[in-house]
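First the structure, in the form of structure tokens, and then the observations on it.
The values are calculated or read from the model by the stated rules, or taken from the named source; none is laboratory data. As the structure is a prediction and not an experimental result, all values here were calculated from the model. Here the Cβ is made from the backbone with ideal geometry for all residues, glycine too, and neighbour counts use every protein chain on show. When the accessible area is computed, the model is the full protein with side chains, heavy atoms only, and any ligands, DNA or RNA have been set aside. Shrake-Rupley method; radii C 1.70, N 1.55, O 1.52, S 1.80 Å.
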Protein chains: 2
Amino acid sequence: MNIENFLKNIKFDNNGLVPAIAQDSTTGEVLMLAYMNKESIEKTLEKGVAVYWSRSRKSLWIKGEVSGNIQKLEGIFLDCDGDAILLKIKQLADGGKSDFGAACHTGYRTCFYRQFENGNLVEKGEKLFNPDDVYKKK
Amino acid sequence: MNIENFLKNIKFDNNGLVPAIAQDSTTGEVLMLAYMNKESIEKTLEKGVAVYWSRSRKSLWIKGEVSGNIQKLEGIFLDCDGDAILLKIKQLADGGKSDFGAACHTGYRTCFYRQFENGNLVEKGEKLFNPDDVYKKK
């Protein structure tokens, strides 16, 4: 696919990155905010699963590569001024064998599992996995 | 309200900003991505409507102050690593007199009105207002 029409409309920041919101296309939940560079956008469109740029590891990050909680791409949108992306995805698990996974490395469904209310940050929702089980493999 | 418990958990970037996603709490639509600094978070919680920091104007930005498309705060969430905020809001219009407004300055309901498909950026949805009518007041 020729993606130049997409890339030329994106305003990448000084680090060559653009923030990308992942929203579950089935439930509407906002699951995470991550960053993409040109290469991660190309890989996302090529593979049909979300690929981000890890700012901490400074490398491409195939979401779910270790945990199995991959994100199947359903649609990709650009905002009005070209400096933010919205990915509509299906948050899968077990490398795609299960259709309900967790986006967050903590095991929560969404990274936005902490709500500020009555002066406190309160955890909401349930953990779908125990991080110690999932990430101790290496 | 004591919001120090919230602010101390937020990792602001080098410019003192954190990206904030606005999601309509009724429809689930992701409407926009903007930025907040400490003061805009305080104002948002104090007023109960979304207040951002405009990076272009370098000033506080009471969303909808000119257009009337204000965002009533329903909930505020912090992500796992503290560097992104999710605002659940009701996107109102006419300064709150109408309960269905547009988030985008283009008149579209959401800033993410352009989808990349089949090699092209395709506009989706309908415009709720004409920007020439709304912003020519000043």
With criteria (1) within 25 Å of A:Gly75 (Cβ to Cβ); (2) open to solvent by less than 30 Å² (accessible area, probe 1.4 Å), B:Gly48 comes up short on (1)
Every residue from segment A:85-138 that is within 14 Å of chain B (Cβ to nearest Cβ), assigned to a loop (DSSP other than H, G, I, E, B), in contact (Cβ under 8 Å) with a residue 24 or more places away in the chain and open to solvent by 70 Å² or more (accessible area, probe 1.4 Å) = A:His105, A:Leu128
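If we keep just the residues of segment B:7-33 that are under 25 Å from B:Leu128 (Cβ atoms) and acidic (Asp, Glu), which is surrounded by the fewest Cβ atoms within 10 Å (Cβ to Cβ)? Spell out how you get there, then give the answer.
Step one: filter segment B:7-33 for residues under 25 Å from B:Leu128 (Cβ atoms), giving B:19-33.
Among the residues that remain, those that are also acidic (Asp, Glu) are: B:24, B:29.
Working: B:Asp24: 21, B:Glu29: 19.
My answer is B:Glu29.
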Check on A:Thr44, part of a loop (DSSP other than H, G, I, E, B), over 21 Å from B:Asp13 (Cα atoms) and of a type in the set (Val, Ile, Thr) | no
May I ask you to list pairs of residues, at least six apart or on different chains, whose Cβ atoms are under 7 Å apart, with the first in segment A:39-67 being under 16 Å from A:Ile21 (Cα atoms) and the second being at pLDDT 95 or above and in a helix (DSSP H, G or I)?
-> A:Ile41/A:Leu7; A:Ala50/A:Thr44; A:Val51/A:Ser40; A:Val51/A:Lys43; A:Val51/A:Thr44; A:Tyr52/A:Ser40; A:Trp53/A:Ser40
Which of the residues belonging to segment B:70-84 are within 17 Å of B:Asn9 (Cα to Cα) and either touching a residue at least 24 places away in the same chain (Cβ under 8 Å) or not in a strand (DSSP E or B) (or both)?
-> B:Gly75, B:Ile76, B:Leu78, B:Asp79, B:Cys80, B:Asp81, B:Gly82, B:Asp83, B:Ala84
Out of all the residues in segment B:23-31, is one or more touching a residue at least 24 places away in the same chain (Cβ under 8 Å), facing chain A (nearest Cβ under 8 Å) and assigned to a helix (DSSP H, G or I)?
-> no
Scan segment B:69-78 residue by residue and report those that are open to solvent by less than 10 Å² (accessible area, probe 1.4 Å) and more than 14 Å from chain A (Cβ to nearest Cβ).
-> B:Gln71
